[in-house]
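A.B. asks: One structure follows; several queries about it will come next.
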Amino acid sequence: MHSGESSALATAQSGTPGDTVLVADIGGTNARFALANAGHTLSHRVSMRSQDFPGIKEAIASYLQTCHSQQAPAPSRICLAVAAATDQDEIKLTNNHWQFSLQSLTDTFTMPVTAINDFTAQAWCLPGLSDTDVTWIQHAGADSINWTQGNRTVAGPGTGFGAATMTFGREILESEPGQCAFAPLSPRQLAILVHLWDSYPRVTADYLLSGPGLRNIYSAIFVLNTGKNADEMSAADIVAAARHGDQLARQSLDEFSRILGAVCGDIALNMGSVGGFFLSGAMLHKLDELFNRELFIAAFNEKGNFSGWCQRVPVAIMHITDPGLRGCAAYSQR
């Protein structure tokens, strides 16, 4: 065991555990940690870059050391929200090099360790949302925030694309929409798909509705418009270019908005999300005005005979920056 793990283990064993839970939201790029009490209040928040640690064990050990140095309450258990399937003991993150065993973590830190999907965690936030937590972009009636019927879904792009649904009876319906095949809905989207087939034998939503996905869309649109390959650009570069008047970058963001709307509308149909559809994630916050809400809603609602049904689904953008941690806390204290 590394010295950091030994110190963290001693920290976990010291003090009075009480109802304090170490909660974490582990994504493809960042690992966010906090302590949660019985009232779901979060404290001692720390964000780390996943690439700075060889594995999750070292990241947890580092966080526990930080909490110990701040004389924080010692947690009695750990609840992880991870961007991965969680139906087995061995967990491999989808867009992260970390791979770990829940039993191994339990043995190392001598406290129970559980894991839920990252969007399952976000879904646990849905019952407690208030109007100040969201901006409505469709059907913002006076009672839209009040959950009176149907299911609620949360979805969003990031390092990958994910979603989860909570039923009115508070049951979570997990899904992996980022791994579903992309279905083009226009000649341009078909051309984008054909372009991406050169790189990916199976093009899924993850390859379009994510930071890397925005790069893929831009690369395809650049080739379609110029006949040349685009220079290597990050998603942040494309966003900056759009803000400085680059028309191909702006077209790429508009196409991103359309595809996101179409996919989210399909999810709403599949999940019966008449209780509301909520968009989350730092990526949309960073896009801000470049996320074309009108194109998103048009594609969300364009569902043939069920267009009217989709138009009745309340749709909002969530403002809260830590839905994974909040949901993890709610799940751990349920």
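The values are calculated or read from the model by the stated rules, or taken from the named source; none is laboratory data. Computed from a predicted model, the values in this text were never measured in an experiment. Here the Cβ is made from the backbone with ideal geometry for all residues, glycine too, and neighbour counts use every protein chain on show.
A.B. asks: Pick from segment 4-34 the residues that are closer than 21 Å to W124 by Cβ and either at pLDDT below 50 or charged (D, E, K, R) (or both): which of them is surrounded by the most Cβ atoms within 10 Å (Cβ to Cβ)? Show your work before the answer.
C.D. replies: Filtering segment 4-34 for residues closer than 21 Å to W124 by Cβ gives 19-28, 30-34.
Subset that is either at pLDDT below 50 or charged (D, E, K, R) (or both): 19, 25, 32.
Details: D19: 14, D25: 24, R32: 20.
That would be D25.
Each row is one residue, and each column tells you yes or no for (1) within 30 Å of C79 (Cβ to Cβ); (2) aromatic (F, W, Y).
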site: A262; (1), (2): no, no
site: F291; (1), (2): no, yes
site: I297; (1), (2): no, no
site: N301; (1), (2): no, no
site: A316; (1), (2): yes, no
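A.B. asks: Quickly run through segment 204-233 and pick out the residues that are modelled with pLDDT under 95, of a type in the set (A, V, I, L, M, F, W, C) and farther than 21 Å from L284 by Cα.
C.D. replies: The one that is modelled with pLDDT under 95, of a type in the set (A, V, I, L, M, F, W, C) and farther than 21 Å from L284 by Cα: A230.
A.B. asks: Can you name every residue in segment 85-107 that is surrounded by fewer than 18 Cβ atoms within 10 Å (Cβ to Cβ) and touching a Ser or Thr at 6+ places or on another chain (Cβ under 7 Å)?
C.D. replies: D89, E90 - these are the residues of segment 85-107 that are surrounded by fewer than 18 Cβ atoms within 10 Å (Cβ to Cβ) and touching a Ser or Thr at 6+ places or on another chain (Cβ under 7 Å).
A.B. asks: Let me ask something else. Do we have A123 as in the same structural domain as F278 (by TED's automatic domain parsing), at pLDDT 95 or above and either touching a His at 6+ places or on another chain (Cβ under 8 Å) or buried (at least 16 other Cβ atoms within 10 Å of the Cβ) (or both) here?
C.D. replies: On the way: in the same structural domain as F278 (by TED's automatic domain parsing): yes; at pLDDT 95 or above: yes; either touching a His at 6+ places or on another chain (Cβ under 8 Å) or buried (at least 16 other Cβ atoms within 10 Å of the Cβ) (or both): yes.
So A123 fits the description; yes.
A.B. asks: Could I ask something else about it? Quick one: would you say G128 is buried (at least 19 other Cβ atoms within 10 Å of the Cβ) and either under 20 Å from the mean Cα position of the chain (by Cα) or β-branched (V, I, T) (or both)? Break it down stepwise before answering.
C.D. replies: On the way: buried (at least 19 other Cβ atoms within 10 Å of the Cβ): no; either under 20 Å from the mean Cα position of the chain (by Cα) or β-branched (V, I, T) (or both): yes.
Answer is no for this residue.
A.B. asks: Among residues belonging to segment 203-241 that are hydroxyl-bearing (S, T, Y) and either surrounded by fewer than 16 Cβ atoms within 10 Å (Cβ to Cβ) or in a loop (DSSP other than H, G, I, E, B) (or both), point out the one that is nearest to the chain's Cα centre (by Cα). Break it down stepwise before answering.
C.D. replies: Of the residues in segment 203-241, the ones hydroxyl-bearing (S, T, Y) are 204, 207, 210, 218-219, 226, 234.
So of that shortlist, the ones also either surrounded by fewer than 16 Cβ atoms within 10 Å (Cβ to Cβ) or in a loop (DSSP other than H, G, I, E, B) (or both) come out as 210, 226, 234.
Values: S210: 10, T226: 34, S234: 19 Å.
Taking the candidates together, the pick is S210.
A.B. asks: Another question about this same structure. Restricting the search to segment 291-325, which residues are more than 24 Å from R45 (Cβ to Cβ) and touching an Asp or Glu at 6+ places or on another chain (Cβ under 7 Å)? Write out each step before concluding.
C.D. replies: As a first pass, look at segment 291-325 and keep what is more than 24 Å from R45 (Cβ to Cβ): 291-316.
N292, L295, listed by residue number.
A.B. asks: Give, as residue ranges, the helices (runs of 4 or more DSSP H) completely inside segment 247-334 that count at least 3 residues that are surrounded by fewer than 24 Cβ atoms within 10 Å (Cβ to Cβ) and without any contact (Cβ under 8 Å) to a residue 40 or more places away in the chain. Before the answer, list the steps.
C.D. replies: On the way: elements: 247-271, 282-287, 293-301, 307-311, 323-332.
Filter on segment 247-334 gives 247-271.
A.B. asks: Another one. If a residue must be part of a loop (DSSP other than H, G, I, E, B) and not aromatic (F, W, Y), how many such residues does segment 30-54 contain?
C.D. replies: First, the residues of segment 30-54 that are part of a loop (DSSP other than H, G, I, E, B): 37-41, 53-54.
Still in the running and not aromatic (F, W, Y): 37-41, 54.
Matching residues across segment 30-54 total 6.
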